[in-house]
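All of the numbers you see were taken from the coordinates with simple rules; none came from a lab. This one's a predicted model, so the numbers in the text were calculated from it and none came from an experiment. Don't worry about glycine lacking a Cβ; one is built from the backbone with ideal geometry, like all the others, and counts go over all protein chains shown.
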Amino acid sequence: MKIHFFTLLFMLNAGYALAQFPASINPHNYDNKDYCQSCHIVSEMPRLSYDIITTCVKCHPGSIGNHPVSRHPILVKVPYKIAVPEWMPLSKEEKIVCSTCHDNHNRSGFRRMLRIDYESLCVSCHINK
């Protein structure tokens, strides 16, 4: 049986991410401060330990290249003709990042931690597309 190096690396990373927290624990839970250090520098809240993309993929490595919207660019500036709503935050460099579409602490309550329901998400920026 032949396993590619990158497949093995992915499996190990995915296993590490899954082993980091028991299934019943959600480190995104804003009300449970015990897991803030998973993403944040606690002494410098709300500062993240890493940039937003690294912070997300350290526990969600399967999102790279396997994300439902993999065709969508990330870490790119939004073209001037696309109006991104204010409630969809871009990075300081005005680039699309994970938290543009996802609510990091799932306060919105939508599936997949989206900021808005999936059917409405794309048309928030891509009107008449």
For the stretch 77-129, what are the residues that are among the polar types (S, T, N, Q) and either more than 25 Å from Cys39 (Cβ to Cβ) or out of contact with any helix residue (DSSP H, G or I) (no Cβ under 8 Å at 6 or more places or on another chain) (or both)?
Thr100, Ser108, Ser120, Ser124, Asn128
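Under the condition of being of a type in the set (Ser, Thr, Tyr) and either in contact with a Ser or Thr (Cβ under 9 Å, 6 or more places away or on another chain) or in a helix (DSSP H, G or I) (or both), which residue from the stretch 87-129 is surrounded by the most Cβ atoms within 10 Å (Cβ to Cβ)? Break it down into steps so the answer makes sense when it comes.
Let us first name the residues in the stretch 87-129 that are of a type in the set (Ser, Thr, Tyr), namely 91, 99-100, 108, 118, 120, 124.
Checking the rest, the ones that are also either in contact with a Ser or Thr (Cβ under 9 Å, 6 or more places away or on another chain) or in a helix (DSSP H, G or I) (or both) come to 91, 99-100, 118, 120, 124.
On the way: Ser91: 17, Ser99: 20, Thr100: 18, Tyr118: 13, Ser120: 11, Ser124: 15.
Result: Ser99.
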Only residues that are of a type in the set (Lys, Arg) and either in contact with a Lys or Arg (Cβ under 6 Å, 6 or more places away or on another chain) or under 16 Å from His60 (Cβ atoms) (or both): list them for the stretch 91-129, please.
Lys95, Arg111, Arg112
